[in-house]
1. Is it the case that some residue within the stretch 38-51 is assigned to a strand (DSSP E or B), under 12 Å from Val116 (Cα atoms) and not hydroxyl-bearing (Ser, Thr, Tyr)?
2. Considering the stretch 55-81 alone, what residues qualify as being surrounded by 12 or more Cβ atoms within 10 Å (Cβ to Cβ) and either over 15 Å from Pro5 (Cα atoms) or of a type in the set (D, E, K, R) (or both)?
3. Taking Leu30, is it over 17 Å from Asp105 (Cα atoms) and surrounded by 13 or more Cβ atoms within 10 Å (Cβ to Cβ)?
4. On the basis of being in contact with a strand residue (DSSP E or B) (Cβ under 9 Å, 6 or more places away or on another chain), of a type outside the set (Ser, Thr, Tyr) and at pLDDT 90 or above, does Ile66 make the cut?
5. Restricting attention to the stretch 46-85, which residues are in contact (Cβ under 8 Å) with a residue 60 or more places away in the chain, of a type outside the set (Ser, Thr, Tyr) and on the phi < 0 side of the Ramachandran plot?
6. Can you tell me which condition Phe13 does not meet? The list is (1) part of a loop (DSSP other than H, G, I, E, B); (2) in contact (Cβ under 8 Å) with a residue 24 or more places away in the chain; (3) not basic (Lys, Arg), and all the others hold.
7. Looking for something under 18 Å from Ser115 (Cα atoms), hydrophobic (A, V, I, L, M, F, W, C) and outside any strand (DSSP E or B) - is there at least one such residue anywhere in the stretch 18-35?
8. If I ask for residues that are surrounded by 11 or more Cβ atoms within 10 Å (Cβ to Cβ), in a loop (DSSP other than H, G, I, E, B) and touching a residue at least 40 places away in the same chain (Cβ under 8 Å), which ones from the stretch 90-123 would you list?
Amino acid sequence: MFSDPKLGAIVFFVTDLARSETFYRDVLGLPVQRMGNDDEEMLLAELGPMSLVFFRGDEPRGRSPIPVFNVGSDDIEGIVDALSARGVEIVAPLQHAPDGGMTADFLDPDSHVLSVYQAPAAD
């Protein structure tokens, strides 16, 4: 189903972006940058081919972090449809990601949230 999957990001929901920024930047020494606006503010730490992404939110334990598979396909809609056809529960339908790409979330058999992501088309 995924033609060339790569684990591209791990998304964390955190209660305090400033505290997380200080920890990951100053304690762990990661290159953290703020992105977005007040409504969709986030932190991003790019670690080679993998990124850590932090959004403000109160997710219950077990629902964060969310592994995100970069599908590298121009048919993310087909991938989401195929997952659904195989009985996979889609918990966040296909939608635009903050960077203009497309994303959808689904559950594994133990109700862990996983996500698929397609980068925005190159202009």
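1. Looking only at the stretch 38-51, we keep the residues that are assigned to a strand (DSSP E or B), and these are 42-47, 50-51.
Next, only the ones that are under 12 Å from Val116 (Cα atoms) stay: none.
No, the stretch 38-51 contains no residue that is assigned to a strand (DSSP E or B), under 12 Å from Val116 (Cα atoms) and not hydroxyl-bearing (Ser, Thr, Tyr).
2. Of everything in the stretch 55-81, those that are surrounded by 12 or more Cβ atoms within 10 Å (Cβ to Cβ) and either over 15 Å from Pro5 (Cα atoms) or of a type in the set (D, E, K, R) (or both) turn out to be Phe55, Arg56, Gly57, Glu59, Arg63, Ser64, Pro65, Ile66, Asp75, Glu77, Asp81.
3. Values: over 17 Å from Asp105 (Cα atoms): yes; surrounded by 13 or more Cβ atoms within 10 Å (Cβ to Cβ): yes.
Judged against the criteria, Leu30 is a match.
4. Working: in contact with a strand residue (DSSP E or B) (Cβ under 9 Å, 6 or more places away or on another chain): yes; of a type outside the set (Ser, Thr, Tyr): yes; at pLDDT 90 or above: no.
No: the conditions fail for Ile66.
5. Residues of the stretch 46-85 in contact (Cβ under 8 Å) with a residue 60 or more places away in the chain: 67-73, 79, 82-83.
Checking the rest, the ones that are also of a type outside the set (Ser, Thr, Tyr) come to 67-72, 79, 82-83.
The answer is Pro67, Val68, Phe69, Asn70, Val71, Ile79, Ala82, Leu83.
6. The number of the failed condition is (1).
7. Within the stretch 18-35, none of the residues are under 18 Å from Ser115 (Cα atoms), hydrophobic (A, V, I, L, M, F, W, C) and outside any strand (DSSP E or B).
8. The answer is Pro98, His112, Ala119.
The values are calculated or read from the model by the stated rules, or taken from the named source; none is laboratory data. Not measured: the values here are computed from a predicted model. Neighbour counts run over all protein chains shown; Cβ positions are idealised from the backbone, glycine included.
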